[in-house]
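The values are calculated or read from the model by the stated rules, or taken from the named source; none is laboratory data. Keep in mind that what you see is a predicted model, and the values were worked out from it rather than measured. FYI the Cβ positions are ideal-geometry reconstructions off the backbone, even for glycines, and counts take in every protein chain you see. Remember, those area values only see protein heavy atoms, side chains included, never the ligands or the DNA or RNA. Shrake-Rupley method; radii C 1.70, N 1.55, O 1.52, S 1.80 Å.
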Amino acid sequence: MTTLAIIGGTGLARMEGLTITRREMVKTPYGAPSCPIVFGEMDGQEVAFLPRHGSTHRIPPHRVNYCANIWALNNVGITQIIAVGAVGGICKTCTVGSIVIPDQIIDYTHGRESTFFDGGEDPVEHIDFSYPYNDRLRQALINGARNADGINVVDSGTYGATRGPRFETAAEVLRMARDGCTVAGMTGMPEASLAAELRMDYACLAVVVNPAAGTDGKSIDTSGVPANIAAGMENARKVLHNTLSSPDITA
Ligand code: HPA
């Protein structure tokens, strides 16, 4: 039974090295997931893969059906999720190409369906979300990243989840820095809290693809971002391969 899933982000719509055994489009009470879940084997592990922006990267961050994606993964028996996402670096150590494994999150998103406890038949549950990321999965990712040559690894930090699809203003990033954010991304929430509502282990593998707005005193060089995404996701792939081939992940 496959219990581990990778949610792919921008630049990771396909999982190279995954030997695909089947695909399943799961029907959910929340509508359609981003695309069929792909099942297969990678580095000796059974793994499921779901690209959150769809297989052709057409779904913008604020339109991703996070409820459907997480419900679908839960429904097929997934209990642990590694969520890959592109981010802008806010703190000085988060240089382009760095891999960041955050341990906290601040939600600046709005207008997204963000809970399974939405006033239906079931009683409301106020879940504990003090520590949003699963420590065992985080450690496995940190070890996987450290074992990859030449990658700058930032082993903790706060992910600031913004609405997108535009990047932030310099003032917004300054406020996020004051709040303690290490990186800015557009997809970290409500994905993390929905996984927590369904008692799934969840960790984030964030890939820095640009300095966040204003942090280098300049506008974001949007023309350079695609190349940074390609290079950064290559780093993410290395980390995923190392992580999956290590015994940490099966614990
Ligand atoms: N901000 C928010 N999300 C992002 C960024 C950014 O600078 N870069 C990639 N995803």
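Bridge orientation summary for the chain: considering DSSP beta bridges with both residues in this region, about 35 percent are antiparallel. Remark: the chain is approximated by an ellipsoid whose semi-axes, taken from the C-alpha gyration tensor as √(5λ), come to 26, 22, 17 Å, largest first.
With every protein chain in place and a 1.4 angstrom probe, the accessible-area ranking of His126, His53, largest first, reads His126, His53. Summary value for the range 4-244: 27 percent relative contact order, contacts being C-alpha pairs under 8 angstrom separated by 6+ residues.
Which FRET efficiency, nearest 0.05, do Thr95 and Glu46 yield, Cβ-Cβ r, R0 45 Å? All intermediate terms of the calculation are to be shown ahead of the outcome.
Details: r = 34 Å, r/R0 = 0.77.
With a Förster radius of 45 Å, E is 0.85.
What residues from the range 28-60 fall in the zone where the backbone N is under 20 Å from a label point 7 Å along the Cα-to-C-beta line of Asp122? Inside the label zone: 28-34. Among Ala171, Ala206, Ala230, the residue with the largest mean-square fluctuation in a Gaussian network model of the chain, with springs joining Cα atoms closer than 10 Å, is Ala171. With Rh defined as the Kirkwood radius, the inverse of the mean 1/r over Cα pairs, the Rg/Rh of the range 117-251 is 1.01.
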